Amino acid sequence: MNSGYAIDVKGLNKSFGAKHVVNDVSLQVGRGEIHGFLGPNGSGKTTTIRIMCGLLKPDSGSGTCLGYDIIRETDQIKRHIGYMTQKFSFWEDLTIRENLDFVARMYGLADRRTAVDQTLENLGLTKRSNQLAGTLSGGWKQRVALAACMLHDPQVLLLDEPTAGVDPGARRDFWEELHRLSTLGISVLVSTHYMDEVERCHKLAYIAEGKLLTRGTASEVIAAQGLQTWAVYGENLAEFSKTLQNLPGIGQTVMFGVMLHVSGKDGNMLESSLRKVIAGKPFRMEHVETGVEDVFIYMMKHDAAHSGEKR
Amino acid sequence: MSRLNGFSLLRWWNMVIKEYSQLKRDRLTFAMIVGIPIAQLFLFGYAINTDPKHMPTAIISADQSEITRTIISTLKHSEYFNIVGVLPNEKTADKALARGNVLFVINIPAGFTRQLIRGERPAILIEADATDPMATGLAIASASQLARQVSLKDLTGSLASLADAAPPFKVHVHRLYNPEGLTQYNIIPGLMGVILTMTMVLMTGLAITRERERGTMENLLAMPVKPIEVMTGKIVPYIAIGFIQITIILLAARFIFSVPFVGSLSMMYLAALLFVNANLVVGITLSSLAKSQMQAMQMSMFYFLPNLLLSGFMFPFMGMPTWAQYIGNVLPLTHFNRLIRGIILKGNTGWDLWPSIWPIILFTVVVMAVAVKFYRRTLD
């Protein structure tokens with residue numbers, strides 16, 4: 001394989017009618033890397049993932065997945081990757097075992113029975129293997145789906161919001177599994193909306209309205225925006241945040257439970273504006289490190305302000 | 001204004017508005033609400049005629065005279081018979097009847113006029129294709145009156161004495177293929193095509209939209225499986241189901257309804273395979289056009305309605321106006337009905353079946369081309 005990357009795509013474009021869903025996206029995922037893929041709903045994450053696994057042809061652009069061309073060698077790609085769709089996409093009216101058997105046959109696994117038995121055992125579902133997949137809870141469905149994607153030992157996993165609607169415990173287990181797989185050298189591209197999951201990724205990419213806005217490690221992404229952030233504590237913070245809106249230096253305010261994060265690019269102006277407003281009021285402020293969430297919300301707003309029309 | 005416990009007009013009206021708004025967006029349902037009554041009105045009002053006239057009739061005339069010409073013109077005037085040709089002998093007549101080119105053959109024997117004048121009361125033979133008793137029943141009844149009608153006008157002068165007594169000639173009617181004129185002989189084999197149309201189109205339509213609606217199609221396509229494998233693999237079980245249905249209907253026809261089976265069983269299954277294929281292709285096409293199972297169901301209904309009414313299953317094909325016959329001739333069910341009646345009741349084989357086979361094949365090929373064109377879209 002030429003590039004050392006598991007996934008290496010350049011200048012991908014895809015339009016559906018007049019809507020430019022993926023706009024000049026380039027992305028690299030290293031081997032054994034867990035790469036987070038973020039962006040608001042409808043920003044083109046799913047479409048990008050579908051292009052990478054050969055389900056969709058890009059209008060323009062090129063790239064490889066495991067060294068296979070994403071346009072010409074889609075059959076090879078499908079054989080070597082695991083793709084987990086956003087919605088549970090196994091057959092709810094088949095049993096867990098029947099689903100796994102079906103997948104194993106599709107990939108032509110030599111020792112299907114052993115592979116399926118082993119997977120069921122790893123999942124701890126041997127006893128429930130004859131249960132219909134549709135009767136599983138959300139967390140279990142997602143674990144079964146991941147196991148089914150892993151049956152043929154793919155080298156790359158493409159996961160489209162795998163943990164949406166799954167409880168925190170199951171999410172934590174799921175991420176531990178991802179990290180275990182990554183130590184085995186499996187590359188993972190995972191889209192998500194959860195900020196705690198963002199911090200578990202080795203690298204991040206942020207996409208909005210089809211454009212890739214930023215890439216890198218979490219700290220690189222944060223540093224690139226150059227935001228300064230202050231946390232404000234006190235009563236009626238929601239009310240208070242309204243008085244901050246148009247002050248010089250204040251880029252955005254975000255509520256975090258008991259505190260309000262106030263961020264801006266110009267640290268000095270931000271601080272002096274804040275101090276002026278707070279003076280004589282029962283609020284307390286302290287300088288904090290800017291988090292990924294502050295950055296992403298900032299980028300989302302920033303981006304929306306630039307593009308004329310929002311969905 | 002709105003009491004929480006009682007019936008609130010405001011809430012109720014709100015519900016009505018919501019329902020209306022949703023209905024308005026569902027174009028296909030809307031089309032059905034408007035389209036189905038209009039289609040039914042037109043079909044029942046204009047296309048369907050349970051007293052078909054002008055049915056194709058051939059003549060074998062071994063005797064030509066003023067009297068036979070009068071008889072033939074009387075037949076024409078009854079409006080039931082449309083004389084499409086003269087045939088040389090019995091053999092060609094049998095063939096024309098078997099193929100369904102004509103529904104009646106009027107056979108005037110040699111020496112008819114001479115015998116009539118001698119007062120020997122000769123007979124005219126009318127052979128009728130009685131597979132569909134509803135289509136031919138009234139025409140047969142009218143033909144039986146023939147002798148009386150002819151005699152009144154034509155036998156004048158020296159022959160007038162013959163008119164007074166019993167009719168000067170007899171009319172023998174042979175109800176071929178279905179001598180007792182039993183409607184189940186026609187309905188039961190016909191039902192086979194109707195049932196196959198309904199189940200095959202609907203089941204394939206649903207089978208593929210179901211994968212899409214549940215999101216499992218995406219999963220399938222992400223696996224190393226070719227679309228053609230998915231499509232054909234999904235269809236094969238339904239071919240088997242179609243054959244089970246055929247077998248059930250055949251067994252019921254034989255043992256419950258005592259419908260005779262004159263033709264070849266293997267020929268019947270072969271015809272059924274062609275027909276099942278045609279319907280499966282329709283099902284696939286509908287499923288690639290439909291966005292949901294609901295839409296696939298509605299589209300199947302749309303397809304089913306003209307099949308039911310215009311194929312000659314429920315109402316005589318010959319009774320329909322030309323435009324309706326054109327539509328009917330496009331539908332595979334029309335041809336399958338002819339095939340199946342031909343095989344089961346008439347014992348047709350080989351080239352006699354061909355006129356009903358090629359339209360089914362042509363239909364399948366054309367619809368398949370449409371399906372392939374639209375199938376591309378389902379991937380993107």
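Taking the stretch B:30-47, which residues are small (Gly, Ala, Ser), touching a residue at least 12 places away in the same chain (Cβ under 8 Å) and open to solvent by 30 Å² or more (accessible area, probe 1.4 Å)? Correct list: B:ALA39 only. Among what's in the stretch A:81-118 and is more than 26 Å from the chain's Cα centre (by Cα) and hydroxyl-bearing (Ser, Thr, Tyr), pick the residue that is farthest from the other protein chains (Cβ to nearest Cβ). Restricting to residues being more than 26 Å from the chain's Cα centre (by Cα) and hydroxyl-bearing (Ser, Thr, Tyr), the top hit is A:THR114. Once the stretch B:96-105 is narrowed to residues that are within 20 Å of B:VAL173 (Cβ to Cβ) and not aliphatic (A, V, I, L, M), the residue that is surrounded by the most Cβ atoms within 10 Å (Cβ to Cβ) is B:PHE104. If you check B:ILE244, B:ILE188, B:ILE248 for being touching a residue at least 40 places away in the same chain (Cβ under 8 Å), open to solvent by 10 Å² or more (accessible area, probe 1.4 Å) and away from chain A (no Cβ under 14 Å), only one passes: B:ILE188. Each residue in the stretch A:195-211 was checked for being open to solvent by 40 Å² or more (accessible area, probe 1.4 Å) and under 28 Å from A:LYS14 (Cβ atoms), and 5 pass.
Here A:ALA231, A:ALA223 are screened, and the one residue that is without any contact (Cβ under 8 Å) to a residue 24 or more places away in the chain and out of contact with any Ser or Thr (no Cβ under 8 Å at 6 or more places or on another chain) is A:ALA223.
Flag: B:LYS53 does not match the condition of being out of contact with any helix residue (DSSP H, G or I) (no Cβ under 6 Å at 6 or more places or on another chain), under 30 Å from B:SER311 (Cβ atoms) and open to solvent by 70 Å² or more (accessible area, probe 1.4 Å). Looking across the stretch A:101-129, the residues that are of a type in the set (Asp, Glu) and either outside any helix (DSSP H, G or I) or over 23 Å from A:LYS78 (Cβ atoms) (or both) come down to A:ASP111, A:ASP117, A:GLU121.
For A:PHE296, are the conditions met, namely being under 30 Å from A:LYS14 (Cα atoms) and touching a residue at least 40 places away in the same chain (Cβ under 8 Å)? I'd like the intermediate steps shown before the answer.
Details: under 30 Å from A:LYS14 (Cα atoms): yes; touching a residue at least 40 places away in the same chain (Cβ under 8 Å): yes.
Considered against the rule, which asks whether it is under 30 Å from A:LYS14 (Cα atoms) and touching a residue at least 40 places away in the same chain (Cβ under 8 Å), A:PHE296 comes out as yes.
Of all residues in the stretch A:47-62, those that are under 20 Å from the mean Cα position of the chain (by Cα) and open to solvent by less than 30 Å² (accessible area, probe 1.4 Å) total 9. Residues in the stretch A:110-137 that are buried (at least 18 other Cβ atoms within 10 Å of the Cβ) and touching a residue at least 40 places away in the same chain (Cβ under 8 Å): A:ALA133, A:LEU136. Among the residues of this structure, A:ILE7 counts as one that is modelled with pLDDT of 90 or more, under 18 Å from the mean Cα position of the chain (by Cα), surrounded by 23 or more Cβ atoms within 10 Å (Cβ to Cβ) and in a strand (DSSP E or B).
Can you name every one of the helices (runs of 4 or more DSSP H) wholly within the stretch B:255-367 that holds 1 or more residues which are farther than 25 Å from B:LEU28 by Cα? It comes to B:265-289, B:322-330, B:332-341.
Results for (1) at negative phi; (2) aliphatic (A, V, I, L, M); (3) assigned by TED's automatic domain parsing to the domain that holds A:MET52; (4) surrounded by fewer than 21 Cβ atoms within 10 Å (Cβ to Cβ), shown as yes or no for each residue.
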| residue | (1), (2), (3), (4) |
| --- | --- |
| A:TYR83 | yes, no, yes, no |
| A:PHE102 | yes, no, yes, yes |
| A:GLY108 | no, no, yes, yes |
| A:GLY139 | yes, no, yes, yes |
| A:ALA145 | yes, yes, yes, no |
| A:ALA148 | yes, yes, yes, no |
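Quick check: is even one residue across the stretch B:266-280 open to solvent by 40 Å² or more (accessible area, probe 1.4 Å) and over 21 Å from the mean Cα position of the chain (by Cα)? Yes.
I'd like to check which strands (runs of 3 or more DSSP E) are fully inside the stretch A:34-86 and have at least 3 residues that are in contact (Cβ under 8 Å) with a residue 60 or more places away in the chain. Quick ask: steps written out before the conclusion?
Working: elements: A:34-38, A:60-65, A:81-84.
It comes to A:34-38, A:81-84.
Of the residues that make up the stretch A:40-58, is at least one within 14 Å of another protein chain (Cβ to nearest Cβ), touching a Phe, Trp or Tyr at 6+ places or on another chain (Cβ under 9 Å) and more than 26 Å from A:ARG105 (Cα to Cα)? Yes: one or more hits.
Would you confirm whether any residue within the stretch A:24-35 is over 23 Å from A:ASP196 (Cβ atoms), within 12 Å of chain B (Cβ to nearest Cβ) and either surrounded by 19 or more Cβ atoms within 10 Å (Cβ to Cβ) or among the hydrophobic types (A, V, I, L, M, F, W, C) (or both)? Within the stretch A:24-35, not a single residue is over 23 Å from A:ASP196 (Cβ atoms), within 12 Å of chain B (Cβ to nearest Cβ) and either surrounded by 19 or more Cβ atoms within 10 Å (Cβ to Cβ) or among the hydrophobic types (A, V, I, L, M, F, W, C) (or both). Scanning the stretch B:82-95 for residues that are within 22 Å of the chain's Cα centre (by Cα) and either aliphatic (A, V, I, L, M) or crowded, with 16+ Cβ neighbours inside 10 Å (or both) turns up B:ASN82, B:VAL84.
Of all the residues that make up the stretch B:204-222, how many are of a type in the set (S, T, N, Q) and more than 8 Å from chain A (Cβ to nearest Cβ)? Summing the residues that are of a type in the set (S, T, N, Q) and more than 8 Å from chain A (Cβ to nearest Cβ) in the stretch B:204-222 gives 2. Based on what the data block shows, is B:VAL225 aliphatic (A, V, I, L, M), under 22 Å from B:LEU345 (Cβ atoms) and either away from every other protein chain (no Cβ under 14 Å) or open to solvent by less than 40 Å² (accessible area, probe 1.4 Å) (or both)? It is false that B:VAL225 is aliphatic (A, V, I, L, M), under 22 Å from B:LEU345 (Cβ atoms) and either away from every other protein chain (no Cβ under 14 Å) or open to solvent by less than 40 Å² (accessible area, probe 1.4 Å) (or both). Residues in the stretch A:225-250 that are out of contact with any helix residue (DSSP H, G or I) (no Cβ under 8 Å at 6 or more places or on another chain) and open to solvent by 20 Å² or more (accessible area, probe 1.4 Å): A:GLY226, A:TYR233, A:GLU235, A:ASN236, A:ALA238, A:GLU239, A:LYS242, A:GLN245, A:ASN246.
Give the residue that is nearest to A:THR192 (Cα to Cα), with candidates limited to residues of the stretch A:63-80 that are within 13 Å of chain B (Cβ to nearest Cβ) and open to solvent by less than 10 Å² (accessible area, probe 1.4 Å). I'd like the intermediate steps shown before the answer.
Start the filter on the stretch A:63-80 by keeping residues that are within 13 Å of chain B (Cβ to nearest Cβ), which leaves A:65, A:68, A:73-80.
With open to solvent by less than 10 Å² (accessible area, probe 1.4 Å) added as a condition, the list becomes A:65, A:77.
Details: A:CYS65: 21, A:ILE77: 23 Å.
For the stretch A:63-80, the residue satisfying everything is A:CYS65.
Here B:ASN5 fulfils each of the conditions (1) within 39 Å of the chain's Cα centre (by Cα); (2) in a loop (DSSP other than H, G, I, E, B); (3) over 23 Å from B:ASN307 (Cβ atoms) apart from (1).
The values are calculated or read from the model by the stated rules, or taken from the named source; none is laboratory data. Treat the numbers as computed from the prediction; the structure is a model and nothing was measured. Heads up, the Cβs are rebuilt from the backbone with ideal geometry, glycines too, and the neighbour counts pull from every protein chain shown. Protein only, heavy atoms only, side chains kept; ligands, DNA and RNA dropped before computing areas. Shrake-Rupley method; radii C 1.70, N 1.55, O 1.52, S 1.80 Å.
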